[in-house]
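The values are calculated or read from the model by the stated rules, or taken from the named source; none is laboratory data. Worth saying up front: this structure is predicted, and the values here are computed from it rather than measured. Cβ placement follows ideal geometry from the backbone for every residue including glycine, while neighbour counts extend to all protein chains displayed. The area values use the complete protein model at the heavy-atom level, side chains included, leaving out ligands, DNA and RNA. Shrake-Rupley method; radii C 1.70, N 1.55, O 1.52, S 1.80 Å.
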Amino acid sequence: MPSRLPAARRLVDGFGTAAADPTRLTVLAAVLLVLALPQLYLLPGGNVDIALGTFVALLAAPLVLLAARGGLARGLLRLGLVRILLLLLALRLLALAWSPEPRAGLQFITLFVQFVVTLVLMSAVARDGADALRKLQLWYWPWVLLEAALVVAFRVLPGLEDAYLHSIGGYFAGHNTVAALYGDNPNNVLDPAKAGGFFINANVAAMFLGVNGLAAFALAAVTGVRRVRLVGVAALVAVLFTGSKSATVLVVVLPAAAYAFHRLRRYATPAVRRYLLIGTVPLAAAVALLLAVNRSFLDALLEAFVGRAAIWQFGAEAFRDSPLLGLGYGGWNIGFAAYADEHEIWRVFPPHNILLGAWAVTGIAGLVLTVAFFVAAFRLVARRFQTAGPTGQVYAVCVGTAIAWIMIQGLGENTDIFGDIHLIPIVALLLAYLVRPVAEDRPGAEPRSVAEDRPVAEARPVAEERPGAEEAAEEATVEEKVLVGEKALVEEEAPAVREGSGGAEAPVGQQASAAEESEESEDNVSSPDRGRRPAPAVPAVGDVHHEPGTGDAELPATVRGEGSGPEPAAHRRG
């Protein structure tokens with residue numbers, strides 16, 4: 001038996017080396033990005049709705065873990081954000097023990113594992129720098145443009161959306177989900193004032209478009225491919241056609257706030273601050289005028305909040321009864337059914353709040369870890385912004401805004417910390433390049449990865465990401481020639497330079513010392529994150545994937561029941 005251990009270890013090493021092949025990992029990442037939208041559900045109705053992307057990610061999990069073993073795994077485990085994810089995963093598994101319907105946790109656990117695996121995969125791909133991004137985005141952005149086009153088309157032609165849902169919608173949203181859409185589990189895309197494209201919930205479609213619009217600007221800054229920004233503009237404009245009221249506010253406020261923050265930090269002169277401050281006045285006035293003139297929009301926004309407040313009231317009462325463990329998987333539906341009968345609410349609604357959903361299934365610990373995840377993500381954004389050059393700062397601001405979108409809109413939707421299943425690959429990609437910068441232009445220090453203890457230069461950093469990088473490279477080449485091979489030529493042409501080159505050994509020693517100091521300083525950057533310790537919705541159906549927007553609560557008329565309002569479809573407005 002002992003003699004077999006070295007052979008087994010060599011076999012594992014061989015598989016690990018093969019799995020870590022950059023080409024294989026890039027192809028796998030591209031496949032997951034392609035399958036992000038549209039999701040493909042090949043099993044017929046009556047079976048569990050399992051997306052093909054989920055199946056591929058789980059099937060590739062051993063390959064990804066083998067590729068990540070060693071330096072990458074150690075680097076990721078040093079990150080507080082990754083540790084929080086692992087704790088959340090363990091807690092979701094543990095919650096099965098006190099859940100009244102453990103099968104209802106299948107969706108949460110499976111999708112969370114998919115997110116963790118995808119994050120590790122994208123972190124491995126990130127070692128190839130912006131080259132990998134340029135390859136990957138060719139397979140992803142066309143689908144985002146298609147979603148934006150479908151949202152616009154379905155909003156203008158509601159009959160086209162109805163025909164899509166009745167014909168092929170089940171293959172892209174889940175056959176059981178679409179069947180329930182016209183049965184006992186309707187959703188807001190049935191409202192002519194809403195449009196979801198591939199989604200059956202317009203609010204989640206709006207989140208997808210908004211996050212991807214900001215992601216396009218972030219990745220365009222890293223890769224230097226400016227036409228990707230056009231994808232971002234198209235996605236953000238399409239948000240307005242979804243009919244989601246909260247997303248309509250966010251698509252105006254968040255990009256404007258991100259732009260103002262970046263300009264203030266980069267050009268922090270009194271004149272710039274004054275101009276930006278003056279510019280916020282007409283912007284705020286325009287928003288106030290829009291709300292005042294479009295009274296119906298303001299009324300619908302308030303009604304949506306009131307409808308959700310009735311749901312959150314049950315959450316508050318349930319929290320008082322069981323604050324530590326929550327309700328477990330399936331517990332929300334059981335408790336809310338009795339609450340709905342008592343308060344004449346005509347159906348069971350999910351929590352419609354990412355924090356309330358986290359507490360409902362995993363208790364107070366899940367709530368704390370969910371908050372800690374967003375805190376850790378924003379801390380990574382802040383650190384990247386403080387240590388990066390101009391393009392790195394643009395990337396950090398856009399990623400931070402995308403995370404803020406997921407968090408803010410998630411306070412009124414049934415989504416998880418990564419948004420929904422469609423957003424898993426792109427959110428994992430954004431986080432991977434956040435913790436492993438492609439190129440940093442910090443003066444006096446070699447660019448290094450935050451996640452791993454090795455220079456980013458080994459990951460083929462891209463010169464295009466930094467303004468003036470080509471000139472800097474030329475200067476470095478000249479200095480090398482002077483120090484190594486051009487000493488005689490310099491002595492003949494410039495005696496003053498000859499004196500400097502005679503002491504060339506001292507600068508080399510200083511460079512070595514500076515490199516050691518840079519490595520130590522980078523360790524100091526990583527160590528605080530290692531030492532710090534800085535959700536999920538309740539499924540209406542126990543399938544692996546159920547559209548997170550299901551059970552959209554909006555109007556008080558919905559809460560009162562069908563008989564109290566002119567149109568029972570009012571609850572579908574989100």
Compactness index (Cα Rg / 2.2 N^0.38 Å), the stretch 174-253:
1.27
Starting from the Cα of R103, move 7 Å in the Cα-to-Cβ direction to define the label point; list residues of the stretch 327-358 whose amide nitrogen is under 14 Å from there.
330
Checked the stretch 337-437 against the a/c 1.5 cut and the a/b vs b/c comparison, axes a ≥ b ≥ c from its Cα gyration tensor; verdict prolate
With every protein chain kept in place and a 1.4 Å probe, the stretch 66-147 has an accessible area per residue in Å² of 37
Per residue, how large is the accessible surface of the stretch 294-421? Use a 1.4 angstrom probe and give square angstrom.
35
